[in-house]
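Quick notes on the structure that follows.
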Amino acid sequence: MYNNIRFITMKTIRLFLSVITCLFLFSSCATIVTGTTSKVTIDGDVDEPVTITTSFQTYENVELPQVVKISRKAIDGQRIQIDSEHYKFKDVVLRKSVNGWAWGNILLGGLIGLCIDLGTNAVSKPAIDSFRIKPIPKGNEETPNIKKEDIQ
């Protein structure tokens, strides 16, 4: 009889440890699924290669459209700079929105997963992930004005 109680207790402990392990493995849904970087597409009517600089990486002499990686850290206000030999461009300023995978933490990962996602900022994503830029010839001294409809 003592062995049966010990066996049941061991099964209970193993089950408990398995559940705890799964919670740790499946917590931080947004970080696991989407990572700590995000992708943004830059497009425009430019007939020459451009250099695109993000906080994460510089893309030199690329043709548009170009998909670039951005860091999820401090998305709000993050700038993407575009430059070319004959044109200037207004910086693209990113705004953030909530990553849908962050809600998975409430269901699966709980507080631990949410804290991890907040630490990596995987709870955020760019509000707009595709931008169309307008080139302005470098000889033109007019300050580039990009309207909301110009950035899509």
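For region 74-83, how many residues meet the condition of being of a type in the set (Val, Ile, Thr) and either open to solvent by 50 Å² or more (accessible area, probe 1.4 Å) or in a strand (DSSP E or B) (or both)?
2
Does ILE13 count as aliphatic (A, V, I, L, M), surrounded by 10 or more Cβ atoms within 10 Å (Cβ to Cβ), over 13 Å from the mean Cα position of the chain (by Cα) and at pLDDT 80 or above?
The answer is yes for ILE13.
Go through region 84-102 and give me each residue that's acidic (Asp, Glu) and more than 18 Å from ARG132 (Cα to Cα).
GLU85 - this is the single residue of region 84-102 that is acidic (Asp, Glu) and more than 18 Å from ARG132 (Cα to Cα).
Can you find a residue in region 44-54 that is within 15 Å of the chain's Cα centre (by Cα), at pLDDT below 85 and at negative phi?
No, region 44-54 contains no residue that is within 15 Å of the chain's Cα centre (by Cα), at pLDDT below 85 and at negative phi.
Being open to solvent by less than 80 Å² (accessible area, probe 1.4 Å), within 22 Å of ASN99 (Cα to Cα), at pLDDT 90 or above and within 19 Å of the chain's Cα centre (by Cα), is that true of even one residue in region 17-39?
No: zero hits.
Which residues, counting only those in region 40-73, are of a type in the set (Ser, Thr, Tyr), open to solvent by less than 30 Å² (accessible area, probe 1.4 Å) and assigned to a loop (DSSP other than H, G, I, E, B)?
THR54
The values are calculated or read from the model by the stated rules, or taken from the named source; none is laboratory data. Keep in mind the model is a prediction, meaning the values are calculated, not measured. Note: ideal-geometry Cβ built from the backbone for every residue, glycine included; neighbour counts use all protein chains shown. Just so you know, the surface numbers come from the protein's heavy atoms only, side chains and all, with ligands and any DNA or RNA stripped out. Shrake-Rupley method; radii C 1.70, N 1.55, O 1.52, S 1.80 Å.
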